[in-house]
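The values are calculated or read from the model by the stated rules, or taken from the named source; none is laboratory data. Everything numeric here is computed off the predicted structure, so don't read it as measured data. Cβ sites come from the backbone with ideal geometry, for glycine too, and all protein chains shown count toward neighbours. With ligands, DNA and RNA removed, areas are computed over all heavy atoms of the protein, side chains included. Shrake-Rupley method; radii C 1.70, N 1.55, O 1.52, S 1.80 Å.
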Amino acid sequence: MKDRDALRSALLAWYDAQARDLAWRVGPTERRAGVRSDPYRVWLSEVMLQQTTVPHATPYFLSFTQRWPTVLDLAAVEDGDLMAAWAGLGYYARARNLLACARAVANDHGGVFPGTEEGLRALPGVGAYTAAAVAAIAFDRAANVVDGNVERVMSRLFAVEAPMPDSKPELKALAGDLVTDERPGDWAQALMDLGATVCKPKGPLCDRCPVSLWCAAYLGGAPETYPRKTRKADRPRRHGVAYVLTRGDEVALVRRPPKGLLGGMLGLPTSDWRTASYDDAEAVAAAPLAAAWRDLGAVEHVFTHFSLTLRVFAADGANDGDFVWTPREGLGALPSVFLKAAMAAQRLL
C-alpha cells in the first residue's frame, strides 16, 4: 500500500490517545514504560470475546481472574466448577477447550505459554486467530491478527467488492501487508479499537477516523455499504421439550453429555431436539419419568445455526431418577436456554 508508514503512524497515534480501557489490557502508556501483557490474561480474554461483546465478557473475566489468577490455578479447577462459572457466556465448547488448554500449558509447558504462533497453535482449542492475538499482544510478535472488526476496516479501507465470507482470505492478506515489527501488539489492538468504536458496522464515524485519508470506501462516498455481503440462508428451526421437575423448593437438573451443544453443562432434562414439533402425547412419552406433567407453553431461543422452540412441561417430583436437585435460587447459573424455560415455569407454577 502506498503511504503505509503514514497510515500506520496515524492509527498508532490515535490509539495512543484513544485506546479503550479494558480489564485485560496493558495500555500504550504502560507498554512504553516497559509493562508487558500477561499471556494468561490475553488468552483468557480472547477466548471469552469470541462471539461475545466486551460488556458481557468483562464481568466473567474479572470473576475468573479473581478466582483463578494464573493458568496453573485454572488448570486445577474441577470440570463442573468451570462449566458453572462459564454459564451465560454461551458457546460452551469454548469452556471445555479453555480447560484443556490450561491443563496442557500447566502439564506440558510448566505453566508458561509458548511465545510463538506455531507453539500456541499446538495447544488444544487454540485456533489461528487466538494464536496470532496472543503472539502479538503478549509477546510482541509481528502476527496478523484479524477478527470481525479488522475485516470490516480492511473491507472499507480497500473498498473490497467481493462479498463476505468469500472475501475473508483477501481481507486477511490486506491486513497482513500492514503488519510490521514496529509495535505489533499495539497495532493489533489499534485496529480492533478502530473497528469497535469508529468504523462501526452501521453508521461509521468517518469524521473521527484517523485513517479516512487512505480509506477507499470513504473516498467513494458509501463506506457503510462495506463489507459487501451475500444473503444469509434462513436459519433452520428445531423443536424440543424441557421438563421442570420440582421437589419443594428444588428443581431437577441433569448433566449433559461432555460433547455436543451445551456439553458438560447442568441443564433441565429435555427431549431430543428435532425438526418436527412435539404433540402432547410425544412430549409426555419423552419425559424423564412418569408424572402428572402439565403443559406450560413454550419459549424461543436462537443458537448460531438454528432456532429452537422449546415446549415447557412441569410436574412435582420425587427421589426417582438420576438428578441433581438444585435450589431455585441457584438456577441463575443455567445456560440461557434452560434459564428461559425455568423462569417461564416459575411464573406459571
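Note down, for the stretch 86-135, the three equivalent ellipsoid semi-axes (square root of 5 times each alpha carbon gyration tensor eigenvalue), biggest first, whole angstrom. Don't skip to the end; give the middle numbers.
Working: eigenvalues 76, 37, 11 Å².
Ellipsoid semi-axes (Å, largest first): 19, 14, 8.
Quick check on the chain: helices-only [θ] at 222 nm, where DSSP H runs of length 4 and up contribute -39,500 (n - 2.57) each and the sum goes over total residues. Nearest 500, please. It would help to have the intermediate numbers written out before the result.
On the way: 15 runs with 148 residues, N = 349.
That calculation yields -12500 deg cm²/dmol at 222 nm.
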(message) Considering all projection directions equally, how large on average is the shadow of the alpha-carbon convex hull of the stretch 40-88, in square nanometres?
(response) 3.2 nm²
(request) Starting from the Cα of K202, draw a straight line to each of the lysines and keep only those under 19 Å, dropping any in the same chain fewer than 8 residues away. (result) K229, K232
(message) Amide H of M164 versus every other amide H placed in the peptide plane: which residues, excluding those fewer than 5 positions away on the same chain, fall under 5 Å?
(response) R228, K229, T230
(message) Checking the cross-link filter: which aspartates and glutamates have an alpha carbon closer than 19 Å to that of K200, excluding same-chain neighbours under 8 positions apart?
(response) D21, D147, E151, E161, E224
(message) Considering only C-alpha atoms, what is the centroid distance from the stretch 106-159 to the stretch 235-299, in Å?
(response) 39 Å
(message) Explain nothing, just compute: Karplus ³J(HN,Hα) = 6.51 cos²θ - 1.76 cosθ + 1.60, θ = phi - 60°, for every residue of the stretch 80-94 in order, whole Hz, x for Gly and Pro.
(response) x, 5, 5, 5, 5, 5, 7, 3, x, 7, x, 6, 6, 4, 4
(message) Just to check I understand the Karplus step: with θ = phi - 60° and J = 6.51 cos²θ - 1.76 cosθ + 1.60, what whole-Hz values come out for the stretch 109-116, glycine and proline as x?
(response) 10, x, x, 10, 5, x, x, 10
(request) Could you tell me how many degrees, from 0 to 90 and to the nearest 10, lie between the Cα long axis of helix 148-157 and the main elongation axis, the longest principal axis, of the Cα atoms of the chain? (result) 40 degrees
(message) Under 14 Å from a point placed 7 Å out from the Cα of E282 along the Cα-to-Cβ direction: which residues of the stretch 241-271 have their backbone N that close?
(response) 241-242, 271
(request) State to the nearest 20 debye the size of the charge dipole of the stretch 5-51 about its Cα centre, where the only charges are +1 on K and R beta carbons and -1 on D and E beta carbons. (result) 60 debye
(request) Could you check how much of the accessible area of the stretch 236-328 is carbon and sulfur, as a whole percent, using a 1.4 Å probe? (result) 53 percent
(message) I need the phi-derived Karplus couplings for the stretch 175-186: 6.51 cos²θ - 1.76 cosθ + 1.60, θ = phi - 60°, integer Hz, Gly and Pro marked x.
(response) 5, x, 5, 9, 7, 9, 7, 7, 6, x, x, 5
(message) Give me the 1.4 Å probe accessible area per residue for the stretch 63-122, excluding ligands and nucleic acids, in Å².
(response) 47 Å²
(request) Report in % the part of the accessible area of the stretch 73-193 that belongs to carbon and sulfur, leaving out ligands and nucleic acids; probe 1.4 Å. (result) 49 percent
(message) Heavy atoms of the protein only, probe of 1.4 Å, neighbouring chains included. What is the accessible area of D316 in Å², nearest 10?
(response) 110 Å²
(message) Could you work out the pair-distance distribution P(r) of the chain from its alpha-carbon pairs, with 10 angstrom bin width and percents rounded to whole numbers?
(response) 5, 21, 26, 22, 16, 8, 2, 0
(message) Which residue fluctuates most in the GNM of the chain (Cα springs below 10 Å): A138, A276, A315?
(response) A276
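Would you mind getting the accessible area per residue of the stretch 210-254, heavy atoms of the protein chains only, 1.4 Å probe, in Å²?
Numbers: 2580 Å² over 45 residues.
Heavy-atom accessible area per residue stands at 57 Å².
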(request) Quick one: pull the percentage of alpha-carbon pairs in the stretch 223-295 with a separation above 16 Å. (result) 64 percent
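What is the extension gain from D5 to R328, computed as 0.36 nm multiplied by their sequence separation minus the C-alpha to C-alpha distance, in nm to one decimal? Could you put the intermediate results ahead of the total?
On the way: separation 323, 0.36 × 323 = 116.28 nm, distance 5.88 nm.
Full extension from D5 to R328 adds 110.4 nm.
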(message) Please check: in the Gaussian network model of the chain (C-alpha springs, under 10 Å), which one of G111, G203, G185 has the largest mean-square fluctuation.
(response) G203
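Compute the semi-axes of the equivalent ellipsoid of the stretch 127-186, taking the square root of 5 times each eigenvalue of the Cα gyration tensor, and list them largest first in whole Å. Don't skip to the end; give the middle numbers.
Numbers: eigenvalues 94, 28, 13 Å².
Semi-axis lengths for the stretch 127-186 are 22, 12, 8 Å.
Can you give me the accessible area per residue for the stretch 277-349, using a 1.4 Å probe, in Å²? Can you show the working numbers first?
Numbers: 3770 Å² over 73 residues.
With all protein chains present, the stretch 277-349 gives 52 Å² per residue.
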